[in-house]
Protein chains: 2
Amino acid sequence: MNIVNGGITAATGFKAACCEANIKYKNRTDMAMVYCDVPCECAGTFTTNVVKAACVQWDQKIVYSGKPMQAVVVNSGIANACTGKEGFDACEATAKAVENALGVPFDCVAVASTGVIGMQLPVEKLVNGVTMMSKALNDSIEAGTNASKAIMTTDTVNKEIAVTFTISGKTVTLGGMSKGSGMIHPNMCTMLAFLSTDIAIDKALLQEALSDVVKDTFNMITVDGDTSTNDTLLIMANGLAENNKITEKNDDYNTFCEALKFVCEYLAKKMAADGEGASKLFEAKVVNAKSKEDARTLSRAIVASNLSKAAIYGCDANFGRFLCAMGYSGADFDQNDVELFFESDAGKLQVFDKGTPIVFDEELAVKILKSKAVTIYVDMHEGNQEATAWGCDLTYDYVKINADYRS
Amino acid sequence: MNIVNGGITAATGFKAACCEANIKYKNRTDMAMVYCDVPCECAGTFTTNVVKAACVQWDQKIVYSGKPMQAVVVNSGIANACTGKEGFDACEATAKAVENALGVPFDCVAVASTGVIGMQLPVEKLVNGVTMMSKALNDSIEAGTNASKAIMTTDTVNKEIAVTFTISGKTVTLGGMSKGSGMIHPNMCTMLAFLSTDIAIDKALLQEALSDVVKDTFNMITVDGDTSTNDTLLIMANGLAENNKITEKNDDYNTFCEALKFVCEYLAKKMAADGEGASKLFEAKVVNAKSKEDARTLSRAIVASNLSKAAIYGCDANFGRFLCAMGYSGADFDQNDVELFFESDAGKLQVFDKGTPIVFDEELAVKILKSKAVTIYVDMHEGNQEATAWGCDLTYDYVKINADYRS
């Protein structure tokens, strides 16, 4: 597998565009579009929040119906959640604008939104945006990068990646982009992310691969414990790589899953590190747990805890907070089995040894915690399953960003 | 029922003392003791955290064994959690010091701790503290108030209350004190709280009353979603009010439960409003839910959400965040049934009407949100059950307090 330049337009056949639709932001792009000349197999995972945005419900219909997907239209100003019938009408109007401009059936057009909840979208601006973008579609790397910038909200960096790998002698490309900085908590997937690939694969296997991979990637990140109403992860596969179509779980399928996991983990970690107000990436790795589910639960609890996150921000080696979070996570364990370490590029330091605190080198602890990426490494000594979760520290800026988000 | 002066020493027969034991803090009291000349029936509820502090396990033994309780010793410097066998030895040494000083059996002495996790207690200082306090025990209101101050950590105000009520012609008193400001999240009870009463009541009924009342009071508050390792709520009842002993669920039992609920709700709200860094009390009231459990889940999710808490701090009428939190809470509902209001002493304002956002008066919304106590009032229109949860806003000071708690 090779990492290559680009993102959503890296795979053969995919084009992108963006525009300034002035939906909420001024003087910046706030709409993006991804398009493929040929119909694509698609798969998706969506928020588990009971309060689902109109666009989530729209996209679920396409993914679950078995219809192909040919385009995705995104806006980053208004979430189109809690908007009643008017919200659905906005989805339909957007998709129909794509049909008018490009001749693809409106029910093959996904829509996605991120931004303020509880406000109605300005439909005319959306439709104008679609018209503009339909004329500007381009398969260049730059077009993909610009699209990844247009979908940002409180993100401070754009997130995109592409890889190539070989299936039945053919080079296959998989690329993607994502956004997400606040209202991020793993439960299905908690952000917007779009993947495109030229692989030929059965729809059912595409969905299975995506659903599997999301559990250890996007579902393992958290910024603030708030599972959004809008989380959407979509993948489109157009088959233009001309590999032997994957129709069973063979070596080719495994090769694809490996690339998919790499891309999803890259985008997920990038989102965690760019959490609202974050000054560093905060990783929890739990090994030798009784079950995979326990390992996930424990590692997620550590990075989700406000007190843990504040300690990481303050470089305070207050390891009791991580044990406390593990204790209320819902996973059952005996603290007398547990070893806990701080780890970063500055070193690794054990602080808790099977029920008993260790008198440790405070200076080294602070040095480790001052790194831009800090890992809490926990050995449960109760089984052989492991999981890693990613989050960020809790800072003044998180409060600042969210105390006046609307204004 | 009448509110009277005092707290833990208000009921007949209870004495308190405190001292400067220099366990963590300097130049302030950091140990407290509550004592009763006669053995008391006792009941307790404890943290559900798997990682339970040594003192929690010590107290559980007393409460579950059916033994009477005669004294409680508290320190507010070190939590005695994650401390292995040495931690248990510290509990025993403390209890035995009470036995030596006052002649009560050491297995009738509860101990409680709050403070840093993962550090060992200085046993000699604890034992000296017990010796000092044993000589200073006093049944005055002032002694109770001073004890309530000695158990504070990051609390900014002490919390105590007392009420009297009549049972079978006798005046009964119930008083209590509590502490708690950070690592507060409802799951059993999430703080230290001690109640004393002179009522005569069966132990089993005392426990049942306490377990019932905790569900709608202490378990309905949250500061940061972090369920502590040390949460302990204890009640001692010495029977000195000489009422006909309560041995069944009659009117007398109900009168007692009502007083107990009043006292617990008062202390719980006081803790929520004094959450670390809090600038205001944040209440969520959910009415007409399908079930009591749903009502509790929904109201707790609203006050637990970081994004909701930040919006309350910033007086940002961003109501979508409350709906979002309800949506991921785990309770099932249809957003098209829901009405949502902002409420405070400045007025009441509807912002969401059964699936559709309302164009509301932003100026009035800000006025309402600027109050010292703000309520999110939600009518589910799906049943007839209700619940109220209490929390606080998320401020810069929360981050500040927790970024360097240990140092």
Review point. Pick from region A:327-344 the residues that are more than 7 Å from chain B (Cβ to nearest Cβ) and of a type in the set (A, V, I, L, M, F, W, C): which of them is most open to solvent (accessible area, probe 1.4 Å)?
Key: A:341
Review point. Residue B:278 passes all but one of (1) open to solvent by 10 Å² or more (accessible area, probe 1.4 Å); (2) hydrophobic (A, V, I, L, M, F, W, C); (3) in contact with a strand residue (DSSP E or B) (Cβ under 7 Å, 6 or more places away or on another chain); (4) closer than 30 Å to residue B:201 by Cα; which number fails?
Key: (4)
Revision key, fill the gap. Scanning region B:291-342 residue by residue, those within 25 Å of residue B:217 (Cβ to Cβ) and of a type in the set (Asp, Glu) turn out to be B:293, B:294
Point to revise | One residue from A:310, A:317 being touching a Phe, Trp or Tyr at 6+ places or on another chain (Cβ under 7 Å), touching a residue at least 12 places away in the same chain (Cβ under 8 Å) and farther than 21 Å from residue A:215 by Cα | key: A:317
Revision key, fill the gap. Selection from region A:65-93 of residues open to solvent by 10 Å² or more (accessible area, probe 1.4 Å) and more than 14 Å from chain B (Cβ to nearest Cβ) yields A:65, A:66, A:67, A:68, A:70, A:92, A:93
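Evaluate region B:72-88: report whether one residue or more is more than 20 Å from residue B:230 (Cβ to Cβ) and in contact with a Ser or Thr (Cβ under 8 Å, 6 or more places away or on another chain).
no
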Review point. Looking only at residues in region A:246-256 that are without any contact (Cβ under 8 Å) to a residue 60 or more places away in the chain and assigned to a helix (DSSP H, G or I), which one is surrounded by the most Cβ atoms within 10 Å (Cβ to Cβ)?
Key: A:253
**Study point:** Failed condition for residue A:26, given (1) within 14 Å of another protein chain (Cβ to nearest Cβ); (2) surrounded by fewer than 17 Cβ atoms within 10 Å (Cβ to Cβ)
**Key:** (1)
Point to revise | Criterion violated by residue B:288 - all others in (1) modelled with pLDDT of 90 or more; (2) open to solvent by 10 Å² or more (accessible area, probe 1.4 Å); (3) at negative phi satisfied | key: (3)
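Table: residues versus (1) open to solvent by less than 10 Å² (accessible area, probe 1.4 Å); (2) touching a Pro at 6+ places or on another chain (Cβ under 8 Å); (3) of a type outside the set (Val, Ile, Thr); (4) in a loop (DSSP other than H, G, I, E, B).
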| residue | (1), (2), (3), (4) |
| --- | --- |
| B:194 | yes, no, yes, no |
| B:210 | yes, no, yes, no |
| B:229 | yes, no, no, yes |
| B:235 | yes, no, no, no |
| B:239 | no, no, yes, yes |
| B:244 | no, no, yes, yes |
| B:258 | no, no, yes, no |
| B:262 | no, no, yes, no |
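Condition first: aliphatic (A, V, I, L, M), touching a strand residue (DSSP E or B) at 6+ places or on another chain (Cβ under 7 Å) and free of Cβ contacts under 8 Å to residues at least 60 places away in the same chain. Can you find one or more residues in region B:266-273 that meet it?
Looking for residues that are aliphatic (A, V, I, L, M), touching a strand residue (DSSP E or B) at 6+ places or on another chain (Cβ under 7 Å) and free of Cβ contacts under 8 Å to residues at least 60 places away in the same chain, one finds none in region B:266-273, hence no.
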Point to revise | region B:105-126, residues that are surrounded by 19 or more Cβ atoms within 10 Å (Cβ to Cβ), without any contact (Cβ under 8 Å) to a residue 60 or more places away in the chain and closer than 24 Å to residue B:235 by Cα | key: B:109, B:111
Practice item. Please find, within region A:295-324, the residue that is nearest to the other protein chains (Cβ to nearest Cβ) out of those that are within 22 Å of the chain's Cα centre (by Cα) and open to solvent by 30 Å² or more (accessible area, probe 1.4 Å). Key: A:304
Practice item. Among the residues of region B:350-396, write down those that are farther than 25 Å from residue A:401 by Cα and within 14 Å of chain A (Cβ to nearest Cβ). Key: B:350, B:353, B:354, B:355, B:356, B:378, B:380, B:382
Practice item. Residue by residue through region A:18-39, note down the ones that are part of a strand (DSSP E or B) and under 21 Å from the mean Cα position of the chain (by Cα). Key: A:18, A:31, A:32, A:33, A:34, A:35
Revision key, fill the gap. Residue count, region B:110-131, condition among the hydroxyl-bearing types (Ser, Thr, Tyr) and touching a Ser or Thr at 6+ places or on another chain (Cβ under 9 Å), comes to 2
**Study point:** Every residue from region B:359-407 that is of a type in the set (Phe, Trp, Tyr) and either in a strand (DSSP E or B) or under 15 Å from residue B:222 (Cβ atoms) (or both)
**Key:** B:377, B:390, B:398
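The values are calculated or read from the model by the stated rules, or taken from the named source; none is laboratory data. All values derive from a computational prediction rather than experimental measurement. Glycine also receives a Cβ, built like all others from the backbone with ideal geometry; neighbour counts cover every protein chain displayed. Surface accessibility is based on the protein's heavy atoms, side chains included, excluding ligands, DNA and RNA. Shrake-Rupley method; radii C 1.70, N 1.55, O 1.52, S 1.80 Å.
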